[in-house]
Structure formats: structure tokens, C-alpha cells
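Input: a single structure, listed below in C-alpha cells.
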Amino acid sequence: MPCSIFVPSHLTGFFQIVEHKNPLLKGSRGAGVVIDRGVLTTIKTSSKDHKLEIKIKGLKKHFQEDITKKTVDLIKKWFPFTSGLKIQHQIGVPLGCGFGSSAALALGTSLGLSRVLDLPLTFNQAAGIAHQAEIELGSGLGDLIAETSGGIVMRIKEGSPEFGKLDKIIAPPLYVICKVLGPLDTSSIIHNSRHKQNINHWGKLMLQQLLKKPNAEKFMALSLDFAQKTSLMNSEIKDIVEVLNEETLGSSMAMLGNTAFALSNTPDTSIEDSIIGKIDFNGIKVLK
């Protein structure tokens, strides 16, 4: 029987990188919001033994295929299987722009395979495999655990869902307004020692402050403060953020993407070609 899983996207407002030799214990702390646009993954077995077919709707070969293969390979190390697989992803957000799409792809693959092949894995264990794939490929640090949860998420302890710890801000249903200018090379930032030191200093402080006053407006204000103090926000994003700040509950830059995002009581905005969604409070959904 085929299995379809929807994994929502996650936009990070601020973060702190936490290293560890064990990939399941490595990750990030910080805060972000889960949005009801993301990745739909459908998996079914095929009669062609050992053959893996990956289709990413609307895209030719891309890095997103690598994260899928990596996740499958990690599962095979623990549970060798011979059946062929057909995996299809429908991606509803821009790639490489701070939406956590690679985490969503890995999660959809790992959880879908666990169900289709009836593997002896718990939810957190299957999600941990996806987290390990992300860490080993260097495609993400903290989006995955947030996407399993939904809401405005505070990542209090780094790591996979089995070892990390999170909490949520109690918030009303809000719209998430995003303006994407293009992708951003995140590796050049998180592997730069000066950037990393600055990010970790301010990310730690922002999380401490949010925990003292956990609400949506404070989350957005701290996110903007983080973007400004780390000098990660370019002038184009800054101009858009200034406009959105006048129209919404607050706006900042998505970490790490060339994207502005805001939380709002309404979907109205003067920013053209915006992506408008809502906070996803539920996280992963198994559709069939």
C-alpha cells in the first residue's frame, strides 16, 4: 500500500549552533514558526528489486534528491531490504530559501518508508534517521524537530526528536506572510567561525529572553533584533522587513534564507508576489 505524508515548512527567527560528534545530539537551539505549506511525499514499493526511483515534481535532478537517497541509505544500514521503491515529492515552497525543505523531504522519506515497509521503528527513531541524514549532509540543524511539532516552536535543547527538547508559544491562529528574493548559501555562513561565534552569542540571549515572555510579538521582535545584531540581513530584505513591520505583528529575515517573513492577524500586505500561509499547529500529517 502506498503512503502519503505531508510535512510542513519551518521558518527560523533566530538560532544557536550546538556541535556534537554524535549526529543525533548535534543541532541548534532557537525559535521559529511552522507554516502550512511544505512537502508532500508519496512512497510505494515496486517489483524491481533494489531499484530506487525518486521523482521531484516540477524539478530536474537537485540536491533534494541527495537528501532522499541519504535517508534511504541510512535506513538500509539498520534494516536491509530488497524491494524496489518509488518516492515522489511535491514541494510547495521555494528551495534553499529558509523554509526547511530538506528536513521535510528527509522526514517524509523516513516516516513513509517506516510505514510502507512496516519497520520496527518508533516515530522519534524514524525522525532521528532523517535528522542524521540532514546533519551528515550539512543541509540543516533544527528545522526537523520543529516540523514534527508545529506551532511557534522554541527549541530548548538541540538534537533529534528523541534527544532534543522543545516547547511552544501559545498563540492564536495567525497568517505567515513571506517574500522570497532567492536562495542563500547557508554553509558559507554556518561554517564561518566569525559568523558562528556571533550567531551563537546572540541566539543564546534571544532564546533566554523569549522564554521569559513567550508570545508571538516578542518572537518577531527578537528575530529582527537577531538579524540586525548578526548583520545577516541584506539591504533588500531590510527594506521589505520595514514595510511588513508597519503592516503586521512583526517581521524579520528567515534563517537562513534570502527571505523576509512576518506574522499577521490578516493576509493583507502591500508586498507583491508574497507567499501567504497560516501557522501549522499540528506538524506532520499522514494522509494515507
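The values are calculated or read from the model by the stated rules, or taken from the named source; none is laboratory data. Keep in mind that what you see is a predicted model, and the values were worked out from it rather than measured. A quick note on method: Cβ atoms are made from the backbone with ideal geometry, for glycine too, and the neighbour counts reach across all protein chains shown.
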Among the residues of the range 61-68, is there at least one that is part of a helix (DSSP H, G or I), in contact (Cβ under 8 Å) with a residue 60 or more places away in the chain and among the acidic types (Asp, Glu)?
-> yes
Flagged in the range 231-270 as of a type in the set (Val, Ile, Thr) and touching a Cys at 6+ places or on another chain (Cβ under 9 Å), in numbering order, are THR259
GLN208 versus (1) polar (S, T, N, Q); (2) outside the structural domain of GLY13 (by TED's automatic domain parsing); (3) touching a residue at least 40 places away in the same chain (Cβ under 8 Å): which is the lone unmet condition?
-> (3)
Out of curiosity, is LEU166 touching a strand residue (DSSP E or B) at 6+ places or on another chain (Cβ under 8 Å) and part of a helix (DSSP H, G or I)?
-> no
Somewhere in the range 41-56, is a residue within 17 Å of the chain's Cα centre (by Cα) and either assigned to a strand (DSSP E or B) or not acidic (Asp, Glu) (or both)?
-> yes
Inter-residue pairs, beta-carbon under 6 Å, first buried (at least 23 other Cβ atoms within 10 Å of the Cβ) and in the range 3-26, second assigned to a loop (DSSP other than H, G, I, E, B) and among the aromatic types (Phe, Trp, Tyr), 6+ apart | SER9/PHE99
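Okay, residues lined up against (1) of a type in the set (Lys, Arg); (2) assigned to a loop (DSSP other than H, G, I, E, B); (3) surrounded by fewer than 23 Cβ atoms within 10 Å (Cβ to Cβ):
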site	(1), (2), (3)
ILE129	no, no, no
PRO161	no, yes, no
ARG194	yes, no, yes
GLY203	no, no, no
Expected single match for more than 11 Å from the chain's Cα centre (by Cα), in the same structural domain as LEU40 (by TED's automatic domain parsing) and modelled with pLDDT under 95 among GLY128, GLY159, GLY84, GLY142 is GLY84
Looking at PHE219, PHE123, which one is closer than 25 Å to VAL39 by Cβ, among the aromatic types (Phe, Trp, Tyr) and surrounded by fewer than 21 Cβ atoms within 10 Å (Cβ to Cβ)?
-> PHE123
Candidate set: the range 87-118, residues that are part of a loop (DSSP other than H, G, I, E, B) and surrounded by fewer than 18 Cβ atoms within 10 Å (Cβ to Cβ); chosen: the one nearest to the chain's Cα centre (by Cα) | LEU95
Test: residue in the range 226-249 that is touching a Phe, Trp or Tyr at 6+ places or on another chain (Cβ under 7 Å), in the same structural domain as LYS196 (by TED's automatic domain parsing), surrounded by 15 or more Cβ atoms within 10 Å (Cβ to Cβ) and in a strand (DSSP E or B) = no
What is the residue count in the range 169-182 for residues that are farther than 25 Å from PRO94 by Cα and touching a helix residue (DSSP H, G or I) at 6+ places or on another chain (Cβ under 7 Å)?
-> 2
Every residue from the range 239-276 that is among the polar types (S, T, N, Q) and either at pLDDT 95 or above or more than 24 Å from the chain's Cα centre (by Cα) (or both) = ASN245, THR248, SER251, SER252, THR259, SER264, ASN265, THR266, THR269, SER270, SER274
